[in-house]
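Reading through the structure tokens given below for one structure.
The values are calculated or read from the model by the stated rules, or taken from the named source; none is laboratory data. From a predicted model like this one, the values you see are computed outputs, not experimental measurements. Cβ: placed from backbone, ideal geometry, glycine included. Neighbour counts: every protein chain shown.
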Amino acid sequence: MTSQQSRKTIGILGGGQLGLMLSESLSNLGSRVIILDPSSDCPSALRTAHTRQASFDNEEELTRLFTDCDRVTYEFEHIPTAVLRRVLDKTDSHGKLWPSLTVLENAQNRIAEKNALEKAHAPLTPWKAIVSHDQLCGEKNEWLAGNRKGILKTAQGGYDGKGQWRLRSAPHWDGAIQALQSNPRAFPLVLEEECALHTELSVIVARHPTLGTLTLPAVENIHVNGILDTTIHPPRLPFEICADAQKIAEKIADVWDVFGLLTVEFFAVRHAESIRLLVNEVAPRPHNSGHVTRRSLSRSQFDLLAQILLDLPFNFQHIAPEETWAMWNTLGDEWATEIPWWPSEIIGHGSVCEAMLYGKPDVRPARKMGHIILRGPDASAVEKNIDFFRSTFARYRGEKR
């Protein structure tokens, strides 16, 4: 077979930073890549050759994408599934979408996700679906009387801490009830019991129907205002807890029959004298916490997904496993200028292994503009360096005022 005959074309729904980095890994393996994104200035449009600008509910462009590609994947979950299902039916392309439409539908609705996780026997925090404003009002007295603390979440659309209300007191409940009183379309919602959080973990599972399953090491995640701030590998948890997280994630990927990547996010919670794991949510795609693998492993999460999509064997090795690796998200809040850049003190820092800007054209608060990957002898050392990076940005902001 000639190289031209064996060359595959992979489509990616979404041209943000995840689509960009996956596109790079696919291109490095000789694949042709076509990206579909509504924005003309998304990171992929600025850095890759084959980006088509179209809405995700543009049936004609979706049909063309599935016709032109051997496989199609997605970089985020918020894709209209009704039109996608019509296109898959019309083009007989259900087998081209990895992970499948069912997996996508499970991941983009918290109620469907929790029901599917329960079928996989995943450990979850106590929860219930709230289908109306009256039901929400009825829950208030019961939860307050029982001194229970909860988190109310939108079933669809929420991410990075958006669409959530913490319910720890009567004023919290009153605020949520008032905010939702004139918005019946916000229902159904998910009401979860707040847990005694010790730390957060995530595990990425890579899976192919014939080439097998590969489970990446667990990583520790630190969130600030609901947005991932820092990922640390290895986690500061016992080996047994991390191994259990890998087993649970692999079981979910197996029961859901995932082809591609599945990221499982965990709460590690205090339970008597021990730590137990609860599944928070899943993402059937590359994950922000997985960026650290671009340096900590011999194959990144993007490389592994690229090899899976191209039916190539996939594996990895740890790089300097005796060291600690970290990824620090840099949001738009860090920059004092409209054009993002890296201070020279950060670029030249001896711990920094990668400083990547995503190419987003404008700086906005809470917007993920880039990341830094660094390494050090232990978690304390890398956190100290990240604190230095924060102070460096803060100093530049002060000088610009």
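Values for this structure:
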item: Leu167, sole failed condition from (1) of a type in the set (A, V, I, L, M); (2) touching a residue at least 40 places away in the same chain (Cβ under 8 Å); (3) touching a helix residue (DSSP H, G or I) at 6+ places or on another chain (Cβ under 8 Å); result: (2)
item: Residue satisfying condition, being touching a helix residue (DSSP H, G or I) at 6+ places or on another chain (Cβ under 8 Å) and of a type in the set (A, V, I, L, M), within set Val190, Val131; result: Val190
item: Members of region 127-180 found to be in a loop (DSSP other than H, G, I, E, B) and of a type in the set (Gly, Ala, Ser), listed by number; result: Ser132, Gly146, Ala155, Gly157, Gly158, Gly161, Gly163, Ser169
item: Region 305-357, residues that are among the aromatic types (Phe, Trp, Tyr) and closer than 15 Å to Asn385 by Cβ; result: Trp325, Trp328, Trp342
item: Test set (1) assigned to a loop (DSSP other than H, G, I, E, B); (2) more than 23 Å from the chain's Cα centre (by Cα); (3) not aliphatic (A, V, I, L, M) - Glu345 fails condition number; result: (1)
item: Selected residue (criterion: farthest from Asn225 (Cα to Cα)) from residues of region 348-378 that are small (Gly, Ala, Ser) and outside any loop (DSSP other than H, G, I, E, B); result: Gly376
item: Identity of the residue in region 97-127, among the basic types (Lys, Arg) and crowded, with 19+ Cβ neighbours inside 10 Å, that ends up nearest to the chain's Cα centre (by Cα); result: Arg110
item: Selection count, region 171-190, where residues are surrounded by fewer than 20 Cβ atoms within 10 Å (Cβ to Cβ) and touching a residue at least 60 places away in the same chain (Cβ under 8 Å); result: 1
item: Of all residues making up region 207-248, the number that are among the hydroxyl-bearing types (Ser, Thr, Tyr) and either buried (at least 16 other Cβ atoms within 10 Å of the Cβ) or under 20 Å from Val292 (Cβ atoms) (or both); result: 3
item: Listing of strands (runs of 3 or more DSSP E) fully contained in region 193-244 that carry 2 or more residues being touching a Ser or Thr at 6+ places or on another chain (Cβ under 8 Å) and of a type in the set (Val, Ile, Thr); result: 197-208, 219-224, 227-233
item: Complete set of residues in region 323-382 that are exposed (fewer than 14 other Cβ atoms within 10 Å of the Cβ) and within 18 Å of Gly398 (Cα to Cα); result: Thr337, Glu338, Ile339, Trp341, Ser344, Arg364, Pro365
item: Pair list, Cβ under 7 Å, 6 or more apart: region 345-356 residue β-branched (Val, Ile, Thr), other residue assigned to a strand (DSSP E or B); result: Ile346/Val352; Ile346/Ala355; Ile346/Ile372; Ile347/Ala355; Val352/Ile372; Val352/Leu374
item: Wholly enclosed strands (runs of 3 or more DSSP E) of region 15-96 bearing at least 3 residues in the same structural domain as Leu304 (by TED's automatic domain parsing) and either without any contact (Cβ under 8 Å) to a residue 12 or more places away in the chain or more than 30 Å from Ala355 (Cα to Cα) (or both); result: none
item: Test result for Ile111, of a type outside the set (Gly, Ala, Ser), in contact with a strand residue (DSSP E or B) (Cβ under 8 Å, 6 or more places away or on another chain) and within 25 Å of Gly11 (Cα to Cα); result: no
